[in-house]
Amino acid sequence: MMILVPAMIIAQITPAPFQVDGTIAPGYTAGRAAVQFILELLLTATLMGALAGWILGGSQRAALATALAGFVYALGPGHNIPFLGNTPVVWKGILLLLAINTVSSLVMMFSFRWLAGRA
């Protein structure tokens, strides 16, 4: 989840491209919203993933693998960050993201323990 923190901060300090009712915000176009999505979310998550991989793995391969993981993670659970940031429903998005991470972590942990017991 730390990979998405920069995107969350940026989303809180920039105007949201969409209003809570789903309509495009005044002054925005679909193209501008797409660019904001790419720069604020996908680029930051990919760069943070690469940095984490480099720090943890110490190699280009580790950096590339976690950069890809950050990109996919941003597209999955994090896809609403630029759209919900700086709106009244931002806390619902953060709580949903925390719930997804918690459940995913528990499933992965119990699955690993179950598979390790079968080997």
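Here are the numbers for this structure:
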quantity: Flag if Ala52 is touching a Ser or Thr at 6+ places or on another chain (Cβ under 9 Å), surrounded by 13 or more Cβ atoms within 10 Å (Cβ to Cβ) and among the hydrophobic types (A, V, I, L, M, F, W, C); calculated: yes
quantity: Number of the condition not met by Val72 [criteria: (1) in contact with a Pro (Cβ under 9 Å, 6 or more places away or on another chain); (2) within 15 Å of Ala7 (Cβ to Cβ)]; calculated: (1)
quantity: Complete set of residues in segment 21-63 that are assigned to a helix (DSSP H, G or I), farther than 30 Å from Pro88 by Cα and free of Cβ contacts under 8 Å to residues at least 24 places away in the same chain; calculated: Ala50, Leu51, Gly53, Trp54, Ile55, Leu56, Gly57, Gln60, Arg61, Ala62, Ala63
quantity: For Pro88: the one exception among (1) in a helix (DSSP H, G or I); (2) closer than 28 Å to Gln19 by Cβ; (3) more than 15 Å from the chain's Cα centre (by Cα); calculated: (1)
quantity: Close pairs (6 angstrom Cβ cut-off, 6 or more residues apart or separate chains): touching a residue at least 60 places away in the same chain (Cβ under 8 Å) and under 16 Å from Ala7 (Cα atoms) in segment 87-102, in a helix (DSSP H, G or I) and of a type in the set (A, V, I, L, M) anywhere; calculated: Val90/Leu84
quantity: Filter result for the condition that a residue is among the aliphatic types (A, V, I, L, M), over 24 Å from Val103 (Cβ atoms), touching a helix residue (DSSP H, G or I) at 6+ places or on another chain (Cβ under 6 Å) and at pLDDT below 95, over Ile10, Ile3; calculated: Ile10
quantity: Residue among Gln12, Gln19, Gln36 that is within 19 Å of His79 (Cβ to Cβ) and surrounded by 15 or more Cβ atoms within 10 Å (Cβ to Cβ); calculated: Gln36
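The values are calculated or read from the model by the stated rules, or taken from the named source; none is laboratory data. Fair warning: this is a prediction, and the values are worked out from it, not measured in the lab. Note: ideal-geometry Cβ built from the backbone for every residue, glycine included; neighbour counts use all protein chains shown.
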